[in-house]
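Worksheet for the structure shown next.
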Amino acid sequence: MELSEFFAENPRAALAFSGGVDSAFLLYAGMQWGKRLKAYYVRSPFQPEFEYRDALRLARELNAELEVIPKNVLDHGEVTANPPDRCYHCKKVIFSAIAEKAREDGFSVLLDGTNASDREDDRPGMRALRELSVRSPLRECGLTKDAIRELSHKAGLFTWNKPSYACLATRIPTGMPITEDLLARTEWAEAYLSALGFRDFRVRTMGSAARLQLTAQDFPRLLERRSEITAELKKRYAAVLLDLEERK
């Protein structure tokens, strides 16, 4: 099935929108081939400020209908306990909030940006999507991440080359309770490194230390500014560690 055919069969739909590569292209496609597609962005402590800004920017550039739903996922103990299936509980909270708003707006079809490159066994949150009957057109139409980037580039979407991004909670090891302070510290550290020109990296919590995961091409940049970066990050971490296994 082609995306154009999907939207011909589902001309009115709600979209769980993150501002990332996949949901951005899906929003664009729905605007092209659907009759009405409304995007819903859940603003929570798990999402960094830049993702929110990107979501607003893309909706503005596409002249798309966007509703922002405030949701504090930290109010849910099954999420903050950070069990192995935390993503399932978090997705259930977030997508339930979107589904409720979408129903109020008269939508019976809810979409998300899962693509054909996403392996189901790597994403426990997919169970929540199945339970809530969320459709994933990119996956259903066989569109891989590489294909979506290429199509996004052709469409002129600024998101086409955004690095893949998982929520801030993924930086905290399973079993460590998630707190607002841990999330804020992670966002601060990653924003700092991003401002220095680093791309596609992670700052993971390891006890009271920061563990940096970088691509191989960014190792020299880090070593050149090692003292400066270490001094800055130690304002909020007890130690700064470098993972010698490159991020791929």
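Every number in this text was worked out from the coordinates using simple rules, so none of it is lab data. Note that this is a predicted model, so its numbers are computed, not measured. Every residue, glycine as well, gets a Cβ built from its backbone with ideal geometry; the counts of neighbours run over all protein chains shown.
The table that follows gives values for the structure above.
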item: Most mobile of Thr186, Thr230, Thr114 in a GNM of the chain (Cα contacts under 10 Å); result: Thr230
item: Contour minus Cα-Cα distance for Trp188 and Asn161 (0.36 nm per residue); result: 7.5 nm
item: Modelled FRET efficiency - R0 35 Å, Glu246 with Asn63, Cβ distances, 0.05 increments; result: 0.30
item: Theoretical ellipticity at 222 nm over the chain - DSSP helices of four or more residues, -39500 (n - 2.57) apiece, nearest 500; result: -12500 deg cm²/dmol
item: Charge-dipole axis of the chain as Lys and Arg at +1 and Asp and Glu at -1 on Cβ define it, positive-most pick from Ala210, Ser4, Val93; result: Ala210
item: Solvent-free Debye scattering, log10 I(q)/I(0), computed from the Cα coordinates of segment 179-242 at q = 0.21, 0.24 Å⁻¹; result: -0.80, -1.06
item: Sites Met31 and Ser108 - FRET efficiency at Förster radius 25 Å, r taken between beta-carbons, to 0.05; result: 0.80
item: Estimated distance in nm for a label pair at Glu228 and His153, the labels positioned 7 Å out from Cα along Cα-to-Cβ; result: 3.1 nm
item: Calculated from backbone phi, Karplus (6.51, -1.76, 1.60) coupling profile of segment 198-208 in Hz, x at Gly/Pro; result: 6, 9, 6, 9, 9, 10, 9, 7, 9, x, 9
item: Most fluctuating residue given options Lys38, Lys92, Lys154, as computed from a GNM of the chain linking Cα atoms under 10 Å; result: Lys154
item: Whole-Hz couplings from phi, Karplus 6.51/-1.76/1.60, listed for segment 32-37; x for Gly and Pro; result: 6, 10, x, 8, 8, 10
item: Cα coordinate range in segment 64-223, projected on the principal axes (Å, largest first); result: 53, 43, 30
item: Among Asn63, Asn115, Asn82: highest mean-square fluctuation, GNM of the chain, C-alpha pairs under 10 Å; result: Asn63
item: For segment 73-167, convex hull of alpha carbons as volume per residue, Å³; result: 128 Å³
item: Ordering of 231-240, 40-49 by packing [mean C-beta count within 10 Å, highest first]; result: 40-49, 231-240
item: Label-point gap, in nm, between Ala238 and Leu56 - each point 7 angstrom along Cα→Cβ; result: 3.8 nm
